[in-house]
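Encoded as C-alpha cells, the structure appears first; notes follow it.
The values are calculated or read from the model by the stated rules, or taken from the named source; none is laboratory data. All of these numbers come straight from a predicted model, not from anything done at the bench. A quick note on method: Cβ atoms are made from the backbone with ideal geometry, for glycine too, and the neighbour counts reach across all protein chains shown.
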Amino acid sequence: MENNYISMKNINKSFGKVVANRNINLAVRRGEIHALLGENGSGKSTLMNMLSGVYTPDSGSIFIKGKEVQFAAPKDAIEAGIGMIYQHFKLIDVMTAKENIILGRKNSFLMNEKTLSDKIRDMSARFGLDIDPDKKVYNMSVGEKQTLEILKVLYRGAEILILDEPTAVLTPQETEKLFKIMRKMKEEGCAVIFITHKLNEVMEVADRITVLRKGETVMTVDKADTNPKHLTELMMGCPADLSIKRIETEKNNVAMEVRNLSAVNSEGIKVLKGMSFDIYSSEILGVAGIAGSGQKELCEAIAGLHPVKQGEIVFNGENLVGKSPAEIITKGVSLSFIPEDRLGMGLVASMDIVNNVVLKLYQKQKGIFIDRKPAEQKSVEIIERLSIQTPGIKHPVRMLSGGNIQKVLLGRELDSRPQVLITAYPVRGLDVNSCYTIYDLLNEEKRKGVAILYIGEDLDVLLELCDRIMVICAGEITGIVDARYTTKEQIGLMMTGTVNLMKEGEKSEHDNANNYTSH
Amino acid sequence: MIMPITIRAIKKSEPGRMKAASIRIGAIILALVASSLFILLLSLNPADVYIKMIQGAFGTAYRIKETIVKAIPLVITSLGIAIAFKMQFWNIGGEGQIAIGSFAASYFALYMNDMPMPLMLTVMILAGMLAGGLWALIPAFFKAQWGTNETIVTLMMNYIALKWVMFLQYGPWRDPKSLGFPKIANFPQNAVLPKLLGVHVGWVIALILVVVVYIFINHTKKGYEIAVIGESINTARYAGINIKKTILIAIMLSGGLCGLVGMIQASAVNYTLSVEITGGVGYTAIITAWLAALSAPLILIVSILFAALLEGGSYIQTVFGIPQAAAEILQGIILFFVLGSEFFVRYKFVIVKKHSAIAEKGAD
C-alpha cells in the first residue's frame, strides 16, 4: 500500500505540559516537494526534529520506504537517508567545501583526494549545485554556504531532504537558485520537505502542502487545489486579511541625521563604511540587507552600544556619538533590538514582566531604592494594550511564547514615548497574528510622529510597510529608495552590491527615490 | 535480535515547585539510607548515630552555642559570595578575602591597640571589610577591564593571602614570648568582640547582615543592576547600566563581607591571627550559598543546618570513638545526595530503545 516515501503516523510529542505535536500524520511521496506550512509554535520544527532523529516521539510511528524505523540519534536518521538543512549552517569556516563534506565520515581519512573531488563535481552537476570543492567556507556567500550544506547531506546519501526555512537568509536571486536546485532534486527522485511560513514561496515551488496548526495536522492539499488565502485560513484557523497597511503621512522634518558613520568590529574589520542618511519623523525607514551587512552595528551605534570610529549622529541638534547608552535613552531614542536569540538583549529572561519593565524606569527614580509600583501598573497596562497572554505580571518572561515576549519588549519601548524608535527584526519568529499586531503598533507610532528605523528580513513586508527602504551591503548603503516604486528584484540587486545607487548617482534612479536621497 | 538500550539525560522543561521539593526531600531520605549502610558497616546502629548527631548539634545549651559559632562565619561569607554569584561573578576567593580581612584587623589589634574597646572594634571591623573588599577588587578590576577569568584569579589569590598570613606567623609577627613556637600574640582584651547571651556578638552582626543583604538585593537599584548583569550582560549594556562600576561595587561588597568574617574569627574565636583562621569557610560558603539559591533568608537556614552537620559530625567521633574520617564520610554522603538532587531537579532520564535503521540493516 505504501507508495509513500516517508510516512509519519499519529505522532505525539510533549515537552512537559506543552503538547508540541498531537496525532500528526504526514506522508511524503518520492519525487515531490512537500511544503510544511504553519505558524510559529505550530509544531513544524518539532515534527522535523523527530524525523531527523533529534527528538524521539512519545508515541506514533515513522515509516521510511514502508519500513518502520526508530531513531535514537541524528546519526540513525542520516543512515536512513534523511538530511536536514538547518537555518543556521553547520559548517567550519576555515575549511574548504570538500573538507566540510568529508568531515566526520567514516574512512574519510584514507580517501583519495582526486576521486573525492571528482565525486563532488559529479554530484554538483547532477543536482545543478554550483560549488567549487576547494573554496574555503569563509569566502562563500550565504547562498553558496547553503548549497554546500545541501551537497553535504546529499553526499552522505540523503534521499530525503528537509529544509528548515531556507529562504529566510537569502536574497530573491539566491532564493530562485535554491528553488531550481529543489526542482532538480525532485527530478532525481528525492523527496524534499520544505518548512516555511511564506505563502508565495509555497505556491511557487511546492507540489503538496501540509498545514499544521497548534500541533495538529489541519490537512494536506495539492497546490492546484488551493490559493494563498485558503492556506492562510487553514494556518490561522480563521479568515484573515493579509494586507499590511502603509499609513500615508505628511512628509515631516528630519528627526535624526546620520553622517558618514563608520565603525569597526572587535577584530578591527570595518563593519560600517561611511553611512549617511536621514530619518524623518512620521516615517518608517526600512533597512534591507543580507544578514550581517552591518544592521546590528548600525542599531547599536545609534543606541551608543557600539563604538563609533568616525561620523556623527545628530538628534535634536546634538551629536549622540560619544554619549553613553543611559544618556541616549533619556534623550528619547529607543532601541528595541531583537537579536537572534530573542532574550539575549533587551530583556532579562528569568525575571518577570515587572522587573523587565522597571529596567527602563528605575534610573529616573531618586535615591538608592527601587520602586516597582509604577512598573507594576505599567505592566498591567502593557499587557492590556498589546493583549499579552500571560498568567500574570509576576511570570518569568522566558516562559512566555515568542510573540508575547516580543510584545513585552516592544510595549516597554513604546511606553517610554521615544522620538526615534529603532527596531530590529521585531517580528522574527512570530506567528502571523502577532506580526500584524506589531505592524499596527508601529503604524500607530508613526502616526504619532515617531521616526522609526525598521530593520527587516522579509522584503515583501518591507515593501508594504515602509515609506523608504535603505539597502545596505557589507556596511555600505547601496541605495535609499521609495518603497512604493521599488521591486523586490531591484532591492535584491542592491543587497548583493550588484547595483549601487549611491555611486551611480542620478543615472538609474526613480525620480522619487532621488528626491528622497538628496541631502 | 538484540535491542541495545541507551539512557539519556534530558533537560526538563520547567520543574514545578512541589516536584522540586519532593526530589530534594527524597534525596535527603536516600542520603540517610546510604549513610545507614555505611554506619552498619562500622557495626553501629544508624538510628543511634543520627540521634547523637542531632544531640551533638543541638543537645545542650553549650552545643547550640558551638553550632551558632560555627554558623556565623558561614552565614556572612555565604552572603558575600551570594552577592557576587548573583552577578555570575564566580568569587572563589572567599578564603583569601577572609585571610586578608583578618590580617588587616589583626594589625590594629596587635600594633595600634591603644584605643577604647568600641573604637578599637570599629576600627578593626572597618579595616577587615576594607582589606577584604580591596583584595577582591583586584580580580574584579581585571575582569571589568580586560575580561579575565575571575574564577582562576580569585582562586590563585587565596594562596597568596594564606601564604602571606603564614609568613607573618612564622616571621615578623611571631610572638617573642611563644618560646619559638610559630604563633602570633593574642589580642588584648579591648580587641575581642564581647558576648551577648553567651555567644560573641558576631551572631547579631550576621542577623543584621541577612536583613541588609536581603534588602540590598531585592529593593535597591544596585541590587537590581547586579541581577541584570548576572542574567544578561547585553541587556545590562542596552539599559545603560554602568557595568564596570557595578562589578567593582558588587565585588567590593562581596569581598568586604568576607573580610568582616576574617575580623570576627580573629577577634572573637581565635583571639589572634593564624593560617587556620579561614577554616575552609570560603569554600564551604560556596556550597551553602548555592544550596540556598542565593537567597539571604535561606542562607541563614542552610548555614545553621550545615554548621549542625559539622558539629554533629565531630560529636559522634567522641561518642562512638569513630575516626574523624568516618564522620567526614557521613558528611560527604549527605552532601553528595543533596547536591546531586539538583541535577534531578533539572534533568530527567529517559530510556531509549535502540531499534534503529542500522539495527534493521544488521538483522537483514
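Summary table below
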{"item": "Enumeration of residues in region B:21-46 that are small (Gly, Ala, Ser), more than 22 Å from B:Ile304 (Cα to Cα) and out of contact with any Pro (no Cβ under 6 Å at 6 or more places or on another chain)", "result": "B:Ala34, B:Ser43"}
{"item": "Total residues in region A:254-269, condition surrounded by fewer than 16 Cβ atoms within 10 Å (Cβ to Cβ) and at pLDDT below 90", "result": "6"}
{"item": "Test: B:Leu137 is assigned to a helix (DSSP H, G or I), free of Cβ contacts under 8 Å to residues at least 40 places away in the same chain and not basic (Lys, Arg)", "result": "no"}
{"item": "Candidates B:Val261, B:Val269 - the one that is more than 14 Å from chain A (Cβ to nearest Cβ), part of a helix (DSSP H, G or I) and surrounded by fewer than 19 Cβ atoms within 10 Å (Cβ to Cβ)", "result": "B:Val269"}
{"item": "Those strands (runs of 3 or more DSSP E) lying entirely in region A:143-225 with at least 1 residues in contact with a Leu (Cβ under 6 Å, 6 or more places away or on another chain) and under 30 Å from A:Val499 (Cβ atoms)", "result": "A:191-196"}
{"item": "Sole residue being under 26 Å from the mean Cα position of the chain (by Cα), away from chain A (no Cβ under 14 Å) and aromatic (Phe, Trp, Tyr), chosen from B:Trp203, B:Trp173", "result": "B:Trp203"}
{"item": "Residue in region A:1-53 that is surrounded by the fewest Cβ atoms within 10 Å (Cβ to Cβ), counting only those that are away from chain B (no Cβ under 14 Å) and part of a helix (DSSP H, G or I)", "result": "A:Ser45"}
{"item": "Test result for B:Ile247, touching a helix residue (DSSP H, G or I) at 6+ places or on another chain (Cβ under 8 Å), in contact (Cβ under 8 Å) with a residue 12 or more places away in the chain and more than 14 Å from chain A (Cβ to nearest Cβ)", "result": "yes"}
{"item": "Residue that is assigned by TED's automatic domain parsing to the domain that holds A:Asn49, of a type outside the set (Phe, Trp, Tyr), modelled with pLDDT of 85 or more and in contact with a helix residue (DSSP H, G or I) (Cβ under 7 Å, 6 or more places away or on another chain), where the choices are A:Leu170, A:Leu163, A:Leu178, A:Leu199", "result": "A:Leu178"}
{"item": "Where A:Glu300 falls short, out of the listed (1) acidic (Asp, Glu); (2) farther than 30 Å from A:Arg398 by Cβ; (3) at the interface with chain B (Cβ under 10 Å from one of its Cβ atoms)", "result": "(2)"}
{"item": "Residues that are free of Cβ contacts under 8 Å to residues at least 12 places away in the same chain, under 17 Å from B:Ala266 (Cα atoms) and not basic (Lys, Arg), drawn from region B:148-188", "result": "B:Phe167, B:Asp175"}
{"item": "Residue that is farthest from A:Leu400 (Cα to Cα), among those in region A:348-374 that are more than 7 Å from chain B (Cβ to nearest Cβ) and charged (D, E, K, R)", "result": "A:Lys366"}
{"item": "A:Asn10 being modelled with pLDDT of 85 or more and over 26 Å from the mean Cα position of the chain (by Cα)", "result": "yes"}
{"item": "Matching residues in region A:380-424 - criterion: being modelled with pLDDT of 85 or more and among the polar types (S, T, N, Q)", "result": "A:Gln419, A:Thr423"}
{"item": "Among the candidates A:Gly237, A:Gly189, residue that is surrounded by fewer than 17 Cβ atoms within 10 Å (Cβ to Cβ), on the phi > 0 side of the Ramachandran plot and either aliphatic (A, V, I, L, M) or touching a strand residue (DSSP E or B) at 6+ places or on another chain (Cβ under 6 Å) (or both)", "result": "A:Gly237"}
{"item": "Only listed residue being within 14 Å of chain B (Cβ to nearest Cβ), under 24 Å from B:Asn242 (Cβ atoms), surrounded by fewer than 23 Cβ atoms within 10 Å (Cβ to Cβ) and not aliphatic (A, V, I, L, M), chosen from A:Lys309, A:Lys323", "result": "A:Lys323"}
{"item": "Restricting region A:55-72 to residues that are in contact (Cβ under 8 Å) with a residue 24 or more places away in the chain and in contact with a helix residue (DSSP H, G or I) (Cβ under 9 Å, 6 or more places away or on another chain), the residue that is farthest from the other protein chains (Cβ to nearest Cβ)", "result": "A:Gly60"}
{"item": "Condition check for B:Ser254: without any contact (Cβ under 8 Å) to a residue 24 or more places away in the chain and not aliphatic (A, V, I, L, M)", "result": "no"}
{"item": "Matching residues, region A:375-398, being within 14 Å of another protein chain (Cβ to nearest Cβ) and of a type in the set (Lys, Arg)", "result": "A:Lys394, A:Arg398"}
{"item": "Any hit, region A:70-83, residues being surrounded by fewer than 20 Cβ atoms within 10 Å (Cβ to Cβ) and within 30 Å of A:Ala288 (Cα to Cα)", "result": "no"}
{"item": "Some residue of region A:243-264 being over 29 Å from A:Val420 (Cβ atoms), in a loop (DSSP other than H, G, I, E, B) and not hydrophobic (A, V, I, L, M, F, W, C)", "result": "no"}
{"item": "Condition met for B:Trp90 (in a helix (DSSP H, G or I) and not β-branched (Val, Ile, Thr))", "result": "no"}
{"item": "Qualifying residue in region B:343-356 (condition: more than 14 Å from chain A (Cβ to nearest Cβ) and either modelled with pLDDT of 70 or more or surrounded by fewer than 16 Cβ atoms within 10 Å (Cβ to Cβ) (or both))", "result": "yes"}
{"item": "Single residue of B:Ala109, B:Ala131, B:Ala104 found to be assigned to a helix (DSSP H, G or I), under 22 Å from B:Lys195 (Cβ atoms), assigned by TED's automatic domain parsing to the domain that holds B:Ile247 and in contact (Cβ under 8 Å) with a residue 60 or more places away in the chain", "result": "B:Ala109"}
{"item": "Test: residue in region B:113-121 that is touching a residue at least 12 places away in the same chain (Cβ under 8 Å) and within 25 Å of the chain's Cα centre (by Cα)", "result": "yes"}
{"item": "Breaking point among (1) away from every other protein chain (no Cβ under 14 Å); (2) of a type outside the set (Ser, Thr, Tyr); (3) closer than 14 Å to B:Ser78 by Cα; (4) free of Cβ contacts under 8 Å to residues at least 12 places away in the same chain, for B:Val212", "result": "(1)"}
{"item": "Restricting region A:351-377 to residues that are in a helix (DSSP H, G or I) and more than 30 Å from the chain's Cα centre (by Cα), the residue that is surrounded by the most Cβ atoms within 10 Å (Cβ to Cβ)", "result": "A:Ala375"}
{"item": "Long-range neighbours under 7 Å by Cβ, at least six apart or interchain, first residue touching a residue at least 12 places away in the same chain (Cβ under 8 Å) and exposed (fewer than 14 other Cβ atoms within 10 Å of the Cβ) within region B:40-53, second in a helix (DSSP H, G or I) and not aromatic (Phe, Trp, Tyr)", "result": "none"}
